[in-house]
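Everything below concerns the one structure shown next.
Just so it is clear, none of the values below were taken in a lab; they were calculated from the coordinates. Predicted model only: the values in this text are computed from it and were never measured.
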Amino acid sequence: MELKITNCNNFYKIQGSLNKSNLGVFQSEFKNIFDKLDNVTISIENVTSMDRYAVNAFAELHREAIARHKNLSIVGLGCKDLYNHFKSEMAA
């Protein structure tokens, strides 16, 4: 399934597969997002798969939010790999 990102105000929905080949779409959508918004919510409910590059892109977005004192919420049960990454990071 092709990657599709839609938004309304500060709520973004990601649909499809997020991987190395289409990561540029994700990165260009969220580049400098915290210059414009203080709160960002991303729904991954309809993400069918995600590779390690995509997980790292979410982790980088998370680190940027923390560094800039912004709020980033990732909601949905879309991808277990992303959940496991943040779960293991919290345990460490």
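Structure data summary
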item	result
Residue-span extension gain [A59 to N9] - 0.36 nm each, minus C-alpha spacing	15.8 nm
At 1.002 mPa s and 20 °C, Stokes D of the range 4-91 from Kirkwood alpha-carbon radius, µm² per second	164
